[in-house]
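Novice: The following block contains the structure, expressed as structure tokens.
The values are calculated or read from the model by the stated rules, or taken from the named source; none is laboratory data. Everything quoted here is computed from the prediction, not taken from an experiment. Note that we place each Cβ from the backbone using ideal geometry, even for glycine, and neighbour counts take in every protein chain shown.
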Amino acid sequence: MSNATVSEPGHRLKPLTPAMLRELSVRSDLKGAARSLGHYAVIVLVGALIWMVASRFGVLWALPLMAVQGYFVAFLFMAVHETAHKTAFRSRGLNLAVGYLSAFMIGLPYEYYCLFHWDHHRYTQDPDKDPELIVGAKPRSGTQLAIAYSGLLQVAGRLWLMLGHAVIGRVIVPWIPENKRATIVAEARAYVVLYALLLALSLWYSSALLLEVWIVPLVIGQFFLRPYLYAEHTGCDRTRSAFQNTRTTYTGAIVRWFAWNMPYHVEHHAYPSIPFHALPKLNEIVDGEIVYRGRGYIATTRETFAWFRRHRQSGQAN
């Protein structure tokens, strides 16, 4: 991603000096390890609690814990996102290791996502070129809007696309360049084989462990993740300025932690080379330039939901 901030002519922008940019762009293996290991440690801990409760009292008693687990598992998307930028760690190898593992955990092929996300940054809020808008929700009814906010269609869509890549061996989406399509097919086939192997082992051992601590929580977690993702750009301007086409949402420390500081999303889009751990400091510098500011995710979800409702009949909702 480019280090430069993109801004519309006439929009006042408080730029970082080259020295400030260099200081904020320093990546850290230690901070990346602390965040990723902490995130996975919580998943393992809650997973162990689910297994113990389900084994002793029955799976229904474990459902509240599955919902909690769902939040943590679904938000591994943030680890995928940060490693896609290669900013989670200084080490490229660590970025790839955590990226591949986290992407596998959420059913989102890593190499595919890196290319998808590259075009998202290049064409943010361009309805003809931004992949998030091309594949995004276009609800035409209240029911379709509610389903979109559940995130279930999005997950089903990407799994179906992955299966298509694996079985048919063709990639036709425009954000995957010709010279990368064989890689995307090979990646999809590796994912499908590994998922099939895990399914076969679960059936062989007659075990519901993966279902209870991973699959069901991942599905539940989409109800938390999708409204969060809609907060990033929904209702913002369709311009080239990161300070106008993206929203920063001010929220609590726990949410910021598990989201890898991505609620500071304007800051991330303006300076994508700056790693997650430096975004709070960047926010202190550019806060006054931010146009769209969410005040917590409950209020922001009401705002984005209302935006979709206003635009669904006009065919402008993307």
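Novice: Got a number for residues in region 242-298 being free of Cβ contacts under 8 Å to residues at least 60 places away in the same chain, within 22 Å of Tyr123 (Cα to Cα) and acidic (Asp, Glu)?
Specialist: Going through region 242-298 one residue at a time, the tally reaches 1.
Novice: Quick check on region 215-237. Is at least one of its residues outside any helix (DSSP H, G or I) and hydroxyl-bearing (Ser, Thr, Tyr)?
Specialist: The answer is yes; a qualifying residue exists.
Novice: Looking at region 53-78 only, could you name the residues that are hydrophobic (A, V, I, L, M, F, W, C) and over 19 Å from Val219 (Cβ atoms)?
Specialist: Across region 53-78, the qualifying residue is only Phe57.
Novice: Could I ask something else about it? Within region 292-318, take every residue that is part of a loop (DSSP other than H, G, I, E, B) and either of a type in the set (D, E, K, R) or modelled with pLDDT of 95 or more (or both) and give me the one that is surrounded by the fewest Cβ atoms within 10 Å (Cβ to Cβ).
Specialist: Checking each candidate, the answer is Gly296.
Novice: Can I ask one more? I need every pair where a residue in region 138-157 that is farther than 16 Å from Pro217 by Cα has its Cβ under 7 Å from the Cβ of a residue that is of a type in the set (D, E, K, R) and exposed (fewer than 14 other Cβ atoms within 10 Å of the Cβ), sequence separation at least 6 or different chains.
Specialist: Leu145/Arg309
Novice: Which is over 22 Å from the mean Cα position of the chain (by Cα), in a helix (DSSP H, G or I) and surrounded by 15 or more Cβ atoms within 10 Å (Cβ to Cβ), of Ala148, Ala188, Ala166, Ala182?
Specialist: On the way: Ala148 fails: over 22 Å from the mean Cα position of the chain (by Cα); Ala188 fails: over 22 Å from the mean Cα position of the chain (by Cα); Ala182 fails: surrounded by 15 or more Cβ atoms within 10 Å (Cβ to Cβ).
On inspection, the qualifying residue turns out to be Ala166.
Table: residues versus (1) touching a residue at least 12 places away in the same chain (Cβ under 8 Å); (2) under 21 Å from Ala242 (Cα atoms).
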| site | (1), (2) |
| --- | --- |
| Thr17 | no, yes |
| Leu21 | yes, yes |
| Ser36 | yes, no |
| Phe72 | yes, no |
| Tyr100 | no, no |
| Ala103 | yes, no |
| Leu115 | yes, yes |
| Tyr123 | no, yes |
| Asp126 | yes, yes |
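Novice: Just to be sure, is Gly93 on the phi > 0 side of the Ramachandran plot and without any contact (Cβ under 8 Å) to a residue 12 or more places away in the chain?
Specialist: When the stated conditions are applied, Gly93 does not pass them.
Novice: Kindly provide the set of residues from region 57-85 that are under 21 Å from Ile274 (Cβ atoms), part of a helix (DSSP H, G or I) and not β-branched (Val, Ile, Thr), ordered by number.
Specialist: Of everything in region 57-85, those that are under 21 Å from Ile274 (Cβ atoms), part of a helix (DSSP H, G or I) and not β-branched (Val, Ile, Thr) turn out to be Phe77, Met78, Ala79, His81, Glu82, Ala84.
Every residue, every condition in (1) part of a helix (DSSP H, G or I); (2) farther than 22 Å from Leu194 by Cα; (3) touching a Pro at 6+ places or on another chain (Cβ under 9 Å), yes or no:
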position: Pro15; (1), (2), (3): no, yes, no
position: Gly32; (1), (2), (3): yes, yes, yes
position: Arg35; (1), (2), (3): yes, yes, no
position: Val42; (1), (2), (3): yes, yes, no
position: Trp51; (1), (2), (3): yes, yes, no
position: Ser55; (1), (2), (3): yes, yes, no
position: Thr87; (1), (2), (3): no, yes, yes
position: Leu96; (1), (2), (3): yes, no, no
position: Leu101; (1), (2), (3): yes, no, no
